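The values are calculated or read from the model by the stated rules, or taken from the named source; none is laboratory data. Quantities reported herein were computed from a predicted structural model and do not represent experimental measurements. Reconstructed Cβ throughout: ideal geometry from the backbone, glycine too, with neighbour counts over all protein chains shown. Surface areas here come from the heavy atoms of the whole protein model, side chains and all, with no ligands, DNA or RNA. Shrake-Rupley method; radii C 1.70, N 1.55, O 1.52, S 1.80 Å.
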Amino acid sequence: MDIIGSFDVKFLQIINEAGVCDAALLPSMEAPDLKKIFETMILVRTFNQRALSLQREGRIGTYASVLGQEASQIGSALALEKDDWIFPSFRESAVLISRGYPMWMLYRYWMGDERGMKAPDDMNIFPMSVPVGTQLPHAVGAAFAMKYRNDRRVAAVYFGDGGSSRGDFHEALNLAGVFKSPVIFLLQNNQWAISVPRARQTAAATLAQRAFGYGIPGIQVDGNDILAVYRATKEAADRARGGEGPTLIECYTYRLDDHTTADDASRYRRKEEVEEWREKEPLLRFRLFLEKKGLRTKEYEEEVAKKALEAVDKEIEKAEKFPPPDPADIIRYTNFELTARQKTELKEFGWEK
Amino acid sequence: MPWTKVYGNKAEFEKHLAGEPGLRGLTYREALLEAASQMLASDPSVFVIGEGVDDSGGVFGTTKGLHQRFGKDRVMDSPLAENAVTGIAVGAAVAGMRPILVHMRVDFMPLTMDQIINHAAKWRYMFGGKLNVPLVIRSIVGRGWGSAAQHSQNLQALFAHIPGLKVVMPSTPFDAKGLLKASVYDGNPVIFIEHRWLYEHMGHVPEESYTVPIGKGIVRRPGKDATVVGISHMVYESMKAAEELMGEGIDCEVIDLRTIRPMDTGLIIESVKKTGRLVVADTGWKDCGPGSEIITRVVEEAFGFLKAPARRVNLPDVPTPASPALEKAYYPGAADIVSAVKKTLGK
């Protein structure tokens, strides 16, 4: 028998857990760029920690923590151009913050306010998808529109290992391959889909290799290594912009917190497993890396943390002071123009001004 | 107006055409093809996507030749993945395109319900009016040729239940052309349901581009004794029934509903206030269908005007049979409408 095809699954790591880097693979970045990454990581962690506290205090509803996944999210988000399109799932606070999304709006969203997902006009950010995996076809559709208009933008879509078992994932990758759509599939493999472990999602050894079945490139990156994620995303974006089509990037990471604040992960996963991953978390190694480069001092980090806390507190204050929506909003937005029934209901409910 | 008339068959239309040589006749399928063609020519954001839109049949002739004229980038065949193709159309619509997505049979649409109901219909609401989904999904209802249980359903009621969607079911070539354009430029996701038995129907269709407003029904035949609201193919059966009843001295007003959601309540109420009797003839099942909604609205707003209980003409409460003998018995027609109208008159 002849071998008519074979595929290599590549794994990319640039900085290891000890903070030692492979200089040949380092993306070209100056000190301010590296510091910006570090400062974004601290800001995200502060945002996240405060969100969890606010939830415990009953000041926001449910929240999905990003702890442990900062490298996968920030590294990829910073590798994209300003006018590229982002299609996030509900666990992508770090992606949005990296893109400059107002944090008060994110808090507002998690407080239960639709207006928190009305992205500012200069940001091409789709609303977070709470349904799992349904955003993949949307990204392919938007990418189709960009390619059709020849505007050299790319669509980046975020989803998890759980989402990769859904039909949407398979159909979207297949169609993106057929249409050669400029889309990057950023699979956040955090090992757990609520209580379902990665081993129960698929018998495949890696999630990255699924790309080969659809005739598109796939790579696994160390999702806790922010520069590896950055480099892989940048390369995928360059390929997409050059007309070479989609890429699947499996960011191999770990969800250190519960699925959401409504979950208790200790019921289904071992403490030891979590502790092992805590040693590999992304901030530890990036801090070591910066220290080796002489870019991180204790004073610098304290200053960054202080500024982050001040910024986050201001945003929380803004979110909590924001007036509640008008009841007429219930009727106002569903249709492009109000239907006769909607007009009647505005009157009946006494919401018409 | 000549184009508001309903012609029972081609011969009848051609007889009328002979008297008015200035008017142009097109079949329902040609009207749909012309509408798509004109929009593709005038608006680069319009594209057509769906399984088989570029094959030689061209979706029963309604997309025939468009890929040759406008290219495969704008008239695209798609792999067999109804849900993702719908999601792609949703994504493209939000990114500024105006997709015309074709699901050749409405029976394929249960596979796309997640994208239609949970996404397309919700987004404008969920994101405070920031996003619009100007998407049209053309879908076709079959009847006959042994299409059977999984290839001939009438699922308009499923979509009509959902806020945020619009559902149109044109019955004439003029409306098919005008409503397709209105749907593409409506700004909301529109489910556009055609009936295969209408494709050969002819009527007056102006060559220039025009729209027919969504949400407006039309009186096809004025009358004073009973109101018959027909939907899609059942408009023709209603017209036949009205003619037959006229022979017995019963004068029916026939309304073509044209849009299922939002519904033209005013037109129906006005008619029932005049006639006091109501029959609704729909192509689908009875329970929770457009007929239920129409009668409820009349009860809510004009109960005192009803002189007799309202009646519905629908399919039996079972799936479509494949056997020609059973199929013949399955589908209601003019005779059933005649009998329903007579019941409202105590006959």
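Some notes on this structure:
- Within the stretch A:260-276, considering residues that are more than 23 Å from A:ALA71 (Cα to Cα) and assigned to a helix (DSSP H, G or I), the one least open to solvent (accessible area, probe 1.4 Å): A:SER266
- Scope the stretch B:286-309; condition within 20 Å of B:ARG258 (Cβ to Cβ) and of a type in the set (A, V, I, L, M, F, W, C); matching residues: B:ILE294, B:ILE295, B:VAL298
- With respect to (1) more than 25 Å from A:THR134 (Cα to Cα); (2) crowded, with 20+ Cβ neighbours inside 10 Å; (3) within 20 Å of the chain's Cα centre (by Cα); (4) not charged (D, E, K, R), the lone exception for A:LEU52 is condition (2).
- Hits in the stretch B:309-328 (condition: farther than 22 Å from B:GLY266 by Cβ, out of contact with any Pro (no Cβ under 8 Å at 6 or more places or on another chain) and of a type in the set (A, V, I, L, M, F, W, C)): B:VAL318, B:ALA322, B:ALA325, B:LEU326
- Filtered residues of the stretch B:96-111 (kept if open to solvent by less than 10 Å² (accessible area, probe 1.4 Å) and at the interface with chain A (Cβ under 10 Å from one of its Cβ atoms)): B:MET97, B:PRO99
- Residue within the stretch B:225-236 that is free of Cβ contacts under 8 Å to residues at least 60 places away in the same chain, away from every other protein chain (no Cβ under 14 Å) and of a type outside the set (Gly, Ala, Ser) present: yes
- Hits in the stretch A:145-197 (condition: under 24 Å from A:LYS280 (Cβ atoms) and assigned to a helix (DSSP H, G or I)): A:GLY163, A:SER164
- Exactly one residue out of A:ALA237, A:ALA328 is open to solvent by less than 20 Å² (accessible area, probe 1.4 Å) and either closer than 22 Å to A:ALA71 by Cα or more than 14 Å from every other protein chain (Cβ to nearest Cβ) (or both), and it is A:ALA237.
- Yes/no for A:ALA305 being under 23 Å from A:GLY112 (Cα atoms) and in a helix (DSSP H, G or I): no
- Inter-residue pairs, beta-carbon under 6 Å, first within 11 Å of chain B (Cβ to nearest Cβ) and in the stretch A:99-117, second in a helix (DSSP H, G or I) and aromatic (Phe, Trp, Tyr), 6+ apart: A:GLY116/A:TYR109; A:MET117/A:TYR109
- Qualifying residue in the stretch A:311-320 (condition: under 28 Å from the mean Cα position of the chain (by Cα), among the β-branched types (Val, Ile, Thr), in a helix (DSSP H, G or I) and more than 8 Å from chain B (Cβ to nearest Cβ)): yes
- The listed residue being closer than 22 Å to A:GLY218 by Cβ, assigned by TED's automatic domain parsing to the domain that holds A:PRO282 and among the small types (Gly, Ala, Ser), out of A:ALA71, A:ALA23, A:ALA31: A:ALA71
- Qualifying residue in the stretch B:123-145 (condition: under 21 Å from B:ILE231 (Cα atoms), of a type in the set (Phe, Trp, Tyr) and more than 14 Å from every other protein chain (Cβ to nearest Cβ)): no
- Whichever residue in the stretch B:57-72 is of a type outside the set (S, T, N, Q) and open to solvent by less than 20 Å² (accessible area, probe 1.4 Å) and, among such residues, is farthest from the chain's Cα centre (by Cα): B:LEU66
- Residue in the stretch A:126-142 that is β-branched (Val, Ile, Thr), facing chain B (nearest Cβ under 9 Å), at negative phi and not in a loop (DSSP other than H, G, I, E, B) present: yes
- Qualifying residue in the stretch A:277-289 (condition: among the aromatic types (Phe, Trp, Tyr) and open to solvent by 60 Å² or more (accessible area, probe 1.4 Å)): no
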